[in-house]
Amino acid sequence: MTFRPNRVTVFGAGYIGLVTGACLAELGHDVVVRDIDPAKVEALQAGEVPIYEPGLGDMIARNKERLRFTLDLGEALAQAEVAYVCVDTPPSASGDADLSRVWSVVRSLAGAEGLRAVVMKSTVPIGTGARARALLDEVGLAGAGYVSNPEFTAEGRAVRDFMGPDRIVIGTDGDETAAALVAGLHAGIDAPVVTMDVRSAETVKLASNALLATRISYANEMANLCDRTGADVTKVLAAVGMDHRLGPYFLNAGIGWGGSCFPKDVEALRQIASNSGFHPMLLSAVIDVNNIQRRRPLQGLKDALGDLAGREVVLLGMAFKPGTDDMREAPSTVLASRLLAEGARVRCWDPLARPGDVEPWASAVRYASVEEALEGADAAVVVTEWPQLAGVDWAAVAELMRRPVVFDGRNLLEPARMREWGFTYMSIGRP
Ligand code: UGA
């Protein structure tokens, strides 16, 4: 079959929109990415990529013939044979996802004369597809098919995940032509295409993230148990994960899961269950374990230092995981605000992440290089497992700190050696 490029408009130039747009251009399609933020669009037009994502900048640069960025709705609609919805669905005050941006994009499609398919990439509650279908009919787009196509890309490896996914999920309720068109856009990617109804496709996304988060909360619960029994959780779970029915992934104990997806999606699934009349006990426990886990370093620091008032505490890592500058729902945000509330003074180090103005504690902390941050400090917490931290000369750091106290929230450092160098060293589930 000969390859036929399609004209695609991606609505939303956030993480998902940029990765989707760049990867579709890389696959040979003609892509316009539309956003309503003038600063973001101007930056992209000038060749600047507003987010850190390995490989994305190069991919955008090498596809500039086929990839444009615009503020202009008319240009976006004229282009749209296929329209991707890639906007945020943040949690609202009630815990339900806020779909206002999704509805505004769907409404704005009215007048897209060549539109054949609308693809939902944003993570949305189960049942959103039916509402979107009704809205498309209402705005005169009954001829455009609706397709749910959830994304499973992780930050820091999004380009790789898009181009080499484990599966491509396509949800359709009778819009087979549109579904085939969207599946066809992925020509060149070697992955199974799994087709199902829209509600099931919407559920796959939330259920996948909830199961991954469940594994981590399980690992953290086992770590807390190991702390009491004297076993080593890293050895236990490495052996547990060798069972081919379980696999080794997402079993690293730490100070909890964060980011823009797991907290939001597990809460959304819990909310959907509660709204439909049953209490999802397992999901609630998965969230509770995580909330407690994120605060674990505080107790460790109090055990080592007593009252935290006036203590200089260093947070090593602010991003929710290494390889990204994203601090959304990062354990560092919980720790920084708790430490400040306890009267501690907080210094932070991170190679990429900087808290935006939205973090109320941001102006109360000091930012420094690792050694600078640790000098004269009373304690340090490894919050993000940045590989740079494993390369620090910890023997020298023991001399630099006022009190050599380290709470390793990611089991990154070697307990025996840290103790040899004179540290009061605590980690998660390791003797
Ligand atoms: C996650 C999923 O992995 C993606 O498949 C999904 O597409 C994405 O959410 C999304 O919904 O968009 P992401 O949030 O980028 O991706 O990050 P992960 O690498 O999955 O890590 C999530 C959190 O779990 C991090 O805070 C990480 O530190 C923590 N984690 C991960 C652990 O504590 N232990 C582990 O073993 C693995």
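The numbers here are math on the coordinates, done by the rules we state, and not lab data. This one's a predicted model, so the numbers in the text were calculated from it and none came from an experiment. Backbone-built Cβ (ideal geometry, glycine too); neighbour counts: all protein chains shown.
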If amide H atoms are modeled at 1.01 Å from N in the peptide plane, then the residues at a separation of 5 or more from residue 169, or on another chain, having amide H under 5 Å from its own are 194
Peptides ranked, highest mean first, by Cβ atoms within 10 Å: ranges 231-239, 286-294: 286-294, 231-239
For residue 199, net neighbour charge (Lys/Arg +1, Asp/Glu -1) across residues whose Cβ lies under 13 Å away: 0
Starting at the first residue of segment 367-377, write each ³J(HN,Hα) from the Karplus equation 6.51 cos²θ - 1.76 cosθ + 1.60 with θ = phi - 60°, in whole Hz, x for Gly and Pro. 10, 7, 6, 4, 5, 4, 5, 7, 4, x, 7
For a quick check: with amide H placed at 1.01 Å from N, whose amide H comes under 5 Å from residue 347's, ignoring anything fewer than 5 positions away on the same chain? 313, 314, 315, 366
If I model a spin label at residue 229 and residue 64 as a point 7 Å from the Cα along the Cα→Cβ vector, what separation in nanometres do I get? 5.9
In nm, what is the difference between 0.36 nm times the number of residues separating residue 245 and residue 392 and their Cα-Cα distance? 49.2 nm
Sorted largest first, the Cα spans of segment 80-149 on the principal axes come out in Å as 37, 20, 18
Loop trypsin sites (Lys or Arg not before Pro), segment 42-109, which have at most 15 other Cβ atoms in a 10 Å radius of their Cβ (DSSP): 64
Residue by residue through segment 301-311, what is 3J(HN,Hα) from phi via Karplus (6.51 cos²θ - 1.76 cosθ + 1.60, θ = phi - 60°)? Round to whole Hz and write x for glycine and proline. 5, 5, 4, 7, 10, x, 4, 8, 4, x, 6
Over the chain, calculate the relative contact order: mean separation of alpha carbon pairs under 8 Å at least 6 apart, over the residue count, as a percent. 12
Sorted largest first, the C-alpha extents of the chain along its principal axes in whole angstrom are 70, 48, 41
19 Å cut-off, amide nitrogen to a point 7 angstrom out along residue 295 Cα→Cβ, residues in segment 409-431: 409, 428-429
List, in order, the whole-Hz ³J(HN,Hα) value for each residue of segment 103-120 obtained from phi through the Karplus relation with A = 6.51, B = -1.76, C = 1.60 and θ = phi - 60°; use x for Gly and Pro. 5, 5, 5, 4, 4, 5, 6, 3, x, 7, 5, x, 6, 10, 8, 10, 10, 8
So what is the diffusion coefficient of segment 208-353 in µm² per second by Stokes-Einstein at 37 °C and 0.692 mPa s, using a Kirkwood Rh over Cα pairs? 197
How long is segment 380-420 along each principal axis, judged by its Cα atoms, biggest number first, in Å? 22, 17, 16
Once the Cβ-Cβ distance between residue 417 and residue 104 is put in as r, and R0 is 51 Å, what FRET efficiency do you end up with, to the nearest 0.05? 0.40
